[in-house]
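This report concerns only the one structure given below.
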Amino acid sequence: MGRLCEMSRCGHSSMRLLFYVSSFYVREHLSDSVIVCVFCHRHSDTKSEEEARGTERERARERDREREKAIRCHRRRFSWFLVAISTVSLLLHRGVHLNWTMDSLSLGCSSLPLGRWRLSSLGITTATGKPKHTSVVFLKTHKTASTTVQNILFRFAERHNLTVAFPITVCGHQFCYPHPFSVRNVHPNTKSPDVLTSHTRLNVSEMRRLMPNDTLYFTILREPAAMFESLFSYYSMHCLSFQRVPKGSIEEFLRQPQLYYRPEEPDSCYARNTLTYDLGGDKDRPPGDGEYAKNFVAHVDAVFSLVMIAEHFDESLVLLRRLLNWEIEDLLYLKLNMRAQESRKPLAGALPAKIRAWNWLDAALYDHFNASLWRQLERLGRGCLERELRLMRKAQDWLVRECFGEDTPRVRSATEIHNKQLRPWQPSKKVAIVGYDLPVNTTREQGRGGGAGGGGGREITKELCMKMVMPEVNYSELLLRSQLLRQRRRTTPRPTTPRSHLKKSPK
């Protein structure tokens, strides 16, 4: 009888223990199927069981803490998501132009000085507090989209009251090109400049005599075949080497270039290795002189902080903006000094290869610095590059709509442009250079994007729109006159009022 009772008590204890353990695991591991087998042993080690239970309880508490932490994290994310959706919805509903705080978008781009930029605020300092670099030399090369870059620099200089170096009158709008740059060819009223950007041939020692010590140098190159076709068309009536060619045929010139080319002629710089010549090199160095090409590329690399590539213009602007610590709005542009489509000649067959062979030094320069550009962009990172390109193009589209009332302004021939200040110079009757004309209703003094509450902001005015599409020669003359007037105001002493005319203040 005693034996039976003992077995009954043992069985009852086993059932209670099985129920407890099963309940514990079912509660803590809902996603798992747990089968617990408990065997009652009269002489089981009670101490070991207590330790096991304590370990399980500690693990359970740890899992509870992790679960609560994850829940709090998800709640925070959801709250930020709701705030973002509500904010964007409100702003879109009001239809306002935004003041962007870009720091949150530059995660992973620690070296990207985006800061805060506004289309209505053109201050001299970025929101990061780091000043914009204002001492620059842009070596303006020929037929490389350099006029578009020059226009960007002109507008920046004018906004910030900087002095641009201009040539003396006898040099025209270039620094007596094709002669190397010389300080004596600089207009006397612009001899303490911040910016140098008109056509010239590189002469580093003379430029350093003129410019501040912290000046940054940059330039732009273009694929040699496309560039030479543009040169051949643009200077067909201004370069003797091209004028000698029967029927102005580029194919004929490339068939036997030495028959038409004269290296001693002053305008021969347009007919061979023009990039090399602009950058101070020897355009007539015999092909195959690899040592010279290597040393010349190294020299250019040492002088210039950035070499832009015309085929990758926007990507180059991203690097330029980082170099100068400028804002996105400082680099907005429209393409200038373009030929009409009928003035362009497509290159087919062996022509590109022949052009590169004839301009072998230009090809070496372009290949080196095109590769260098993409190495810099790779270090920046694809995500950062695409983000900044997207922001830049969005801002540019907005500005174009403000100025022209449409997404893509129509290019016009010179005869179609009503405003004489906006008519581009025509190199010859064989080549048509197109430009832009502002709509008649672009007369408002303040665009919709302007904001008086922007904190010293600048409005989108008709003048700003005009400057963005103004041809090089017209803008150069206008900016030089503006600088001369500014200097006269500074140097002219203010008239003093005689003491006898002063009123006594009441006691």
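Which of 312, 199 comes first, and how do the rest follow, when ranked by fewest Cβ neighbours within 10 Å? Spell out each step's value before the answer.
Numbers: 312 15, 199 23.
Least to most surrounded, the residues fall as 312, 199.
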Q: Read phi for every residue in the range 423-434 and hand back ³J(HN,Hα) as whole Hz from Karplus 6.51 cos²θ - 1.76 cosθ + 1.60, θ = phi - 60°, with x for Gly and Pro.
A: 7, x, 5, 9, x, 6, 6, 7, 10, 10, 9, 9
**Q.** Under the Karplus curve 6.51 cos²θ - 1.76 cosθ + 1.60, θ = phi - 60°, whole-Hz ³J(HN,Hα) for the range 130-144, x wherever Gly or Pro sits
**A.** 7, x, 6, 7, 10, 9, 9, 10, 10, 6, 7, 8, 9, 6, 10
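DSSP beta bridges in the range 106-490, what fraction antiparallel, as a percent rounded to 5? Could you put the intermediate results ahead of the total?
Values: 7 of 20 bridges.
Counting only bridges with both partners in the range 106-490, antiparallel ones make up about 35 percent.
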Q) Can you list residues whose amide H is under 5 Å from residue 220's amide H, if they're 5+ apart or on another chain and H is modeled 1.01 Å from N? A) 141, 308
**Q.** Unsatisfied cross-links (Cα-Cα over 24 Å) in the set 140/462; 247/420; 335/467
**A.** 140/462; 247/420
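Exposure proxy check: 176, 239 ranked by fewest other beta carbons within 10 Å?
On the way: 176 18, 239 21.
Ranking 176, 239 by Cβ neighbours within 10 Å, fewest first, gives 176, 239.
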Q. Taking H as built 1.01 Å from N, whose amide H comes closer than 5 Å to the amide H of residue 201, not counting residues under 5 places away?
A. 181
Q: Output the relative contact order of the range 106-490, whole-number percent, from Cα pairs under 8 angstrom with separation of 6+ residues.
A: 20
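Can you tell me the order of 244-251, 391-398 when each peptide is scored by its average per-residue count of other Cβ atoms within 10 angstrom, highest first? Show your work: numbers first, answer last.
Values: 244-251: 13.6, 391-398: 16.1.
Per-residue mean Cβ counts within 10 Å order the peptides as 391-398, 244-251.
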Q: Could you please report the charge total around residue 73, scoring K, R as +1 and D, E as -1 over all other residues with beta-carbon less than 12 angstrom from its beta-carbon?
A: +4
Q | Nonlocal amide H pairs with residue 186, under 5 Å, H built at 1.01 Å | A | 168
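Each reported figure results from applying straightforward, stated rules to the coordinates on display, with no laboratory input. All values reported here derive from a predicted model rather than from experimental measurement. Cβ coordinates were reconstructed from backbone atoms using ideal geometry, including for glycine residues, and neighbour counts include every protein chain displayed.
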